[in-house]
Every structure is written in C-alpha cells, then in structure tokens.
Amino acid sequence: MRVRLKDCAWERFGDDLILVHDPREALTLADPDGIVRALLESLSAAPATVDELTARLRGRGLDLASEDVRQGLQGLDSLGLVEKADEQWLGDSGLDERHFSNLTFFGTYSSLERSRADFVRKLRDAHVLVLGVGGGGSSLVQCLAGFGVGRLTLVDRDDVERRNFARQFLYRHADLGRSKVERAAEWVRDYDPDIEVRAVDRWISGPEDLADLMDGVDVVAGGLDGEHDIHLVVNAAIMRAGVPLVCGGMGRTQVMYCSVDPGVSPCLLCDESDQPSPTEQTSAGIARRLSSGLELNNALIAPIAMQVGSLIAYETLRYLTGFEQPMAAGQRVILDLRTGLTTQATPFPRDPHCPACALAPER
C-alpha cells in the first residue's frame, strides 16, 4: 500500500513541530531528534510504501527499521494526516470530476484503513427511501442526488400547486397539477442519469403501505403530511424492517430533526412515553390537548425548508457512510428561530416496554 500525506504545513519550534492540517486547530508534536520532520518531508515528496519510505529516510542518514516507519505512519494516521494514495480517486476521469467535491470532503475522514473513494462507492451503492418531496423533502432529494446516492425511491401523494413555489425548487409553473413525485423523479434523472429512481404516488396511512418499499433500503429519510400520528406509522414500519429513519420538520418557531436506529436507539414511540396524556386534568395535559388542536399552517420559507432538508441529508450521510456516528439517533435536535437558530439536543426517553422497539430485528 502506498501512503499519501494529506495537505498540511509544519514549522519547527524548539524541540517541537507545530503542524496545521485543519485551520481550526494546530498540533504540537514532540520531535527532539527531528525524525517526525524527516518523515513528513520524505512523505510529502511523493506517496510511498513503507519500504520506499524507509529507504528515503536511510538516505537522509536515519537508521530506521521498516517497523519503526510503520509505527510512525500509524501515529500520523491516528492524527488524520495520511491516507491510501491509490484510493484518493475513483479511477474514472468522468466520475472523479463529477464527485470531486464529495471526494474532497471525505478526504478529511479518510485513513489508511478507509479511503475517500470507499465512502463515495458506498453512496453509489446505497438505496434511500424518501418520504415526501415537498418543503424539506425537495431539498433533501437534491442533496441526496448531489451525494450520488445510487438508488432513490420517492414517495408522495400531492400534486404541484402555486403555493409550493416559495420553497420547493424541483418544480416549475409548467408542472402545475402534475404529480410531485413523478416530476421529482424526472428532475433526478435529468440531474444524474446514473441514479436509479422510482416514483411511488401513494397515500401512506399504515405501516403496511410502506412494507413493500423497504426491500434493500439502507435509510428512510424525510417526512409525510396527512394522517394523524403519521410519524408513528413510519416509526412502526422502519422498526419492523430494521432500517434507520431520519426525519424532521418545523413547528411555529422551531426547526427539528431526529433519527432512529432500530435496535440501537430509542424510537419515536419511546419519545411519547413520558408525554402527558391530553386527557389529564393537569396544566401539562391541558397544554398538550390545546397544542394538538392547533391548526398550524405550513410556515416553511425557502431558507428554513432548505435547512430542514440539508440537516436530514447530512444525518442520512452519517448512516450511509459511517464517516462519523449519527448525531441525532434517539434524540430531537432543535434549532430555535427565536434565538438565531441556536441548537439544543434532547434525548428520547428509553421505554423498556415499547411495543415498537420490540419489533426491531436483533442487531
């Protein structure tokens, strides 16, 4: 394996090296004998195998064994400074250009164990079931297409209306009256013909309405309007299938997203377990009853809709690639419009007797 040094800069300071890879932080590496600096300089000249790098260092007068060099590279790898040289790209000039930004992004998370190309291949092999292609959903579809997710199944029952144009940029006036999901699928095909996309124009009212769509799905993402407690319907379906869910939306002054990792995190039904009953004659019960009776018209404007879609997409990316752990698994992440979109995360309670969690396959 040939090893490549990622872009970084260093400077000697006494017996230490001050090294910067990510501009947000500087690393201080103890280097009294200059071996670390020699290793960095030798590796920056060109990618090399352990044996080639050992020979370069010996040429600089350093009598190091291959095992010493290997351990040095492991140290640099633990700091995120090296990666597989031959896996920096996908190996196809067209794909490399198309995924240039994606490959560059994953370069931050690549290592000697997993290359940036591995992450992109994972996306190209992935299948995401998108629920809803309206406000946040239309932006979500665009983000997933940008990632190059190989297969998308889009579900919605609505048609394009004039009021959609404030925040849904998949659609045009010529699309008025057309099925949103059919038009969204057309957009994906035009955007990237390599993406396989299926449009499902269907009303979802129970878990059985999603059962036939779950085969081969890696993540379910988005959210649906319509049926009361539709989020619990979706929750039951993903728990039975053992497929992670990422969803989100907007209240009157809050943007929210969360995710559920079946068999690992608490689920959306768990989140209901510590809520007061609307029949309780308490202030909390009355407040919940009043809240549930409010008719909240969809207040999503363009930047908020795009915020919701991008947050769901980014959490979906975590599940699909594992570049980092899901941040919203089993918790509600809230962005408060009253305080400049400051963020607060509230974990779901874990209900040991949750009937939905009991459906999840053992993992």
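Of note:
- Restricting the GluC sites (Glu not before Pro) of the stretch 159-191 to loop positions (DSSP other than H, G, I, E, B) with no more than 14 neighbouring Cβ atoms within 10 Å leaves E161.
- Taking label points 7 Å from Cα along the Cα-to-Cβ direction, D22 and R350 give a separation of 2.8 nm.
- Förster-model FRET efficiency, 25 Å R0, E186 and D215, C-beta, rounded to 0.05: 0.60
- Restricting the stretch 62-150 to GluC sites (Glu not before Pro) in coil, as DSSP defines it, with at most 11 other Cβ within 10 Å: E113
- Distance from the stretch 342-363 to the stretch 102-149 (C-alpha centre basis), Å: 25 Å
- Taking other C-beta atoms within 10 Å as the exposure proxy, R2, R363 rank R363, R2 from fewest upward.
- Between 0 and 90°, nearest 10: helix 66-78 axis offset from the chain longest Cα axis: 30 degrees
- The chain, relative contact order in percent, only Cα pairs under 8 angstrom and at least six apart counted: 13 percent
- Degrees separating the helix 180-191 axis from the principal Cα axis of the chain, which is the longest one: 20 degrees
- Residue-averaged [θ]222 nm for the chain, counting only DSSP H segments that reach four residues, each worth -39500 (n - 2.57): -10500 deg cm²/dmol
- Label-to-label distance, nm, for residues given as R98 and D86 (7 Å Cα→Cβ offset): 2.4 nm
Every read-out reported here was derived from the displayed coordinates using simple, explicitly stated rules and does not represent laboratory data. Everything numeric in this text was worked out from a predicted model, so none of it was measured. In this analysis, Cβ positions are derived from the backbone assuming ideal geometry, glycine residues included, and neighbour counts consider all displayed protein chains.
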